[in-house]
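The values are calculated or read from the model by the stated rules, or taken from the named source; none is laboratory data. As the structure is a prediction and not an experimental result, all values here were calculated from the model. Note that we place each Cβ from the backbone using ideal geometry, even for glycine, and neighbour counts take in every protein chain shown. For accessibility, only protein heavy atoms count, side chains too; no ligands or nucleic acids. Shrake-Rupley method; radii C 1.70, N 1.55, O 1.52, S 1.80 Å.
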Amino acid sequence: MPAQTTRSPSPTLLVLLILPLFGIFVALLMLALETRRQPKPAPPFAPAAPRAVLSFKAPDFELPLLDGLTLVSPSDFAGRPLFLNFWATWCQPCVRELPAFEAFIASHSGDENGPALLTINLGETAAEISGFLAGIGVRNLPVALDINEVVKLDYGVQNLPTTFIIDGAGLVRHLKLGEMKLEEMNTYLKTLEEPA
């Protein structure tokens with residue numbers, strides 16, 4: 001009977017077995033190091049007041065309001081701070097901020113020189129918007145119609161909601177991307193009283 005010879009594994013086979021094990025070891029090591037480097041969560045704090053980092057002339061326009069008869073323009077609010085908000089009914093953060101806008105208007109309703117708010121709906125009809133607002137119980141909101149989204153392009157709006165905070169001289173002083181809260185509106189209003 002012939003003697004059996006033991007064959008040692010080929011070097012190529014050893015490399016093919018060791019490389020995946022080495023890769024797994026390196027991946028686990030990197031994961032462990034990354035976990036150690038994770039910063040601890042910051043303690044809760046009150047957000048800092050926004051800074052007036054912008055200062056450019058707000059583009060003027062003329063759009064119809066929901067009634068279809070009245071035209072509105074930013075120049076109609078000259079001398080007053082203006083919150084100019086772009087929104088649509090299909091945008092959930094937009095819808096969530098509408099009651100805050102309504103409360104803001106109500107809190108400044110008796111002040112003719114006080115802040116103003118104008119919302120600009122993008123691409124929807126007056127009938128769609130009126131029915132939608134009635135359905136959510138929002139009744140006192142000034143809405144301009146940018147059906148063809150021309151003003152949206154003039155302002156460079158890419159995401160909804162977007163709110164421009166314009167001072168009494170017609171300069172855009174702040175830009176808020178995302179949902180606006182009533183407290184934020186009051187904070188922005190205070191910063192407009194500071195020099196640009």
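Can you spot a residue in segment 69-77 that is touching an Asp or Glu at 6+ places or on another chain (Cβ under 8 Å), within 25 Å of residue 159 (Cα to Cα), touching a residue at least 60 places away in the same chain (Cβ under 8 Å) and open to solvent by less than 60 Å² (accessible area, probe 1.4 Å)?
Yes.
For a quick check of your reading: which strands (runs of 3 or more DSSP E) sit entirely within segment 86-196 and have at least 2 residues that are open to solvent by 30 Å² or more (accessible area, probe 1.4 Å), within 23 Å of residue 62 (Cβ to Cβ) and of a type in the set (A, V, I, L, M)? Don't jump to the end; show me each part of the working.
Working: elements: 116-122, 143-146, 162-166, 171-177.
Filter on segment 86-196 gives 171-177.
For the structure I just gave you, tell me whether residue 76 is part of a loop (DSSP other than H, G, I, E, B) and under 23 Å from residue 168 (Cβ atoms).
Taking the combined requirement at face value, the residue does not satisfy it.
Conditions tested, residue by residue: (1) in contact with an Asp or Glu (Cβ under 7 Å, 6 or more places away or on another chain); (2) at pLDDT below 95; (3) closer than 19 Å to residue 73 by Cβ.
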position: 105; (1), (2), (3): no, yes, yes
position: 132; (1), (2), (3): no, no, no
position: 154; (1), (2), (3): no, no, yes
position: 162; (1), (2), (3): no, no, yes
position: 185; (1), (2), (3): no, no, no
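Does at least one position in segment 145-160 carry a residue that is touching a helix residue (DSSP H, G or I) at 6+ places or on another chain (Cβ under 8 Å) and closer than 21 Å to residue 177 by Cβ? Steps first, please.
Step one: of segment 145-160, the residues touching a helix residue (DSSP H, G or I) at 6+ places or on another chain (Cβ under 8 Å) are 145-146, 160.
If we keep only those that are closer than 21 Å to residue 177 by Cβ as well, we get 146, 160.
Among the residues of segment 145-160, at least one is touching a helix residue (DSSP H, G or I) at 6+ places or on another chain (Cβ under 8 Å) and closer than 21 Å to residue 177 by Cβ, which makes the answer yes.
Please enumerate the residues belonging to segment 121-140 that are of a type outside the set (Gly, Ala, Ser) and under 22 Å from the mean Cα position of the chain (by Cα). Reasoning before the result, please.
Kept after step one, since they are of a type outside the set (Gly, Ala, Ser), are these residues of segment 121-140: 121-122, 124-125, 128-129, 132-133, 136, 138-140.
Within segment 121-140, 121, 122, 124, 129, 132, 133, 136, 138 meet the criteria.
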